[in-house]
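The values are calculated or read from the model by the stated rules, or taken from the named source; none is laboratory data. Because the structure is a prediction, the values reported are computed rather than measured. As a convention, Cβ positions derive from the backbone with ideal geometry for all residues, glycine included, and neighbour counts pool all protein chains shown.
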Amino acid sequence: MIDESADTIAAPIEPTPKKRRSAGKPRPGARRLLRGLAIGGAVVIAIAGRVVVGSAMELERGDEAMAGGDPEGARMHWRRAAAWYAPGNPYCVRALERLEELAVEATEAGAIDDAVLAWRAVRSAIVGARGLTTPHADRLARADDRIATLMLQQEHAPMDSDKSDSELREAYAAQLAHPPGASPGGAILALFGFALWVVAAFRMSQRAFDDDDRFDRRVGLMHLGAVLLGLVLFATGLSIA
């Protein structure tokens, strides 16, 4: 019922329009996710970069040692370069190729001891880089075969004097077929450190920044400390594995 005595009629109330988020600015949750992915990518790039750079540096030192007439130093540096394994690392492959060439040249020159050492350098680099899989398995099999064959030409221990060459080669091959495994304690410590490192970095990206991307110093430093602790544990585990 309309009140005809009223001087004015109230205007209808219009609903307040909802504020639309700027199309160019992602939501806070999306920003946190992107930040986490960025940190995770940076971690992977840092690890891969360290491996590739370390391998390249050792390869160069080996080449310099060989050019300077120091095959023993070259063998040492090439083995280290090959041990810096990462999928697709070209310097690791080049180091293994140089070690194999060194072994072949020593064999052709009749330097059996040097040839065995070179093949053992190939073997130790590959075995040391094992994880869930064995990289360069074909090269490892070739190194084991050559080591077992060349050891027949070396001086035998007195206890093996009554064994034939075929028996000795079979015994050498059996020993090489079971390389020593990594230290379980070191491997566990390295895995724990890596997990702590990555999880702490991701959580820092989620919790140390507010919706306006302002850094929370207290929360950020706490997570940064966990990241550094994870790095230390990871490096320690690798050193004793």
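Of note:
Listed here are the residues, each with its yes/no results for (1) part of a helix (DSSP H, G or I); (2) within 30 Å of Gly220 (Cα to Cα); (3) modelled with pLDDT under 90; (4) not assigned by TED's automatic domain parsing to the domain that holds Ser124.
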{"position": "Ala10", "(1), (2), (3), (4)": "no, no, yes, yes"}
{"position": "Pro15", "(1), (2), (3), (4)": "no, no, yes, yes"}
{"position": "Arg21", "(1), (2), (3), (4)": "no, yes, yes, yes"}
{"position": "Arg32", "(1), (2), (3), (4)": "yes, yes, yes, yes"}
{"position": "Gly41", "(1), (2), (3), (4)": "yes, yes, yes, yes"}
{"position": "Glu60", "(1), (2), (3), (4)": "yes, no, no, no"}
{"position": "Asp63", "(1), (2), (3), (4)": "yes, no, no, no"}
{"position": "Gly69", "(1), (2), (3), (4)": "no, no, no, no"}
{"position": "Leu99", "(1), (2), (3), (4)": "yes, no, no, no"}
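- The residue that is nearest to Cys92 (Cα to Cα), counting only those in the stretch 113-132 that are surrounded by fewer than 22 Cβ atoms within 10 Å (Cβ to Cβ) and among the small types (Gly, Ala, Ser), is Ala129.
- Applying a threshold of 6 Å to beta carbon distances and a minimum spacing of six or more residues, or different chains, the list of pairs starting in the stretch 201-229 at a residue that is under 26 Å from Ala190 (Cβ atoms) and outside the structural domain of Ala190 (by TED's automatic domain parsing) and ending at one that is among the aromatic types (Phe, Trp, Tyr) and outside any loop (DSSP other than H, G, I, E, B) is empty.
- Residues satisfying the criterion are absent from the stretch 147-164 (criterion: among the charged types (D, E, K, R), modelled with pLDDT of 85 or more and in a helix (DSSP H, G or I)).
- Hits in the stretch 103-141 - residues which are assigned to a helix (DSSP H, G or I), touching a residue at least 40 places away in the same chain (Cβ under 8 Å) and not β-branched (Val, Ile, Thr): Ala103, Asp113, Asp114, Leu117, Ala118, Ala121, Arg123, Ser124, Ala125, Gly128, Arg139
- Residue, modelled with the highest pLDDT, within the stretch 172-225, restricted to residues that are of a type outside the set (A, V, I, L, M, F, W, C), under 30 Å from Asp145 (Cα atoms) and not in a helix (DSSP H, G or I): His178
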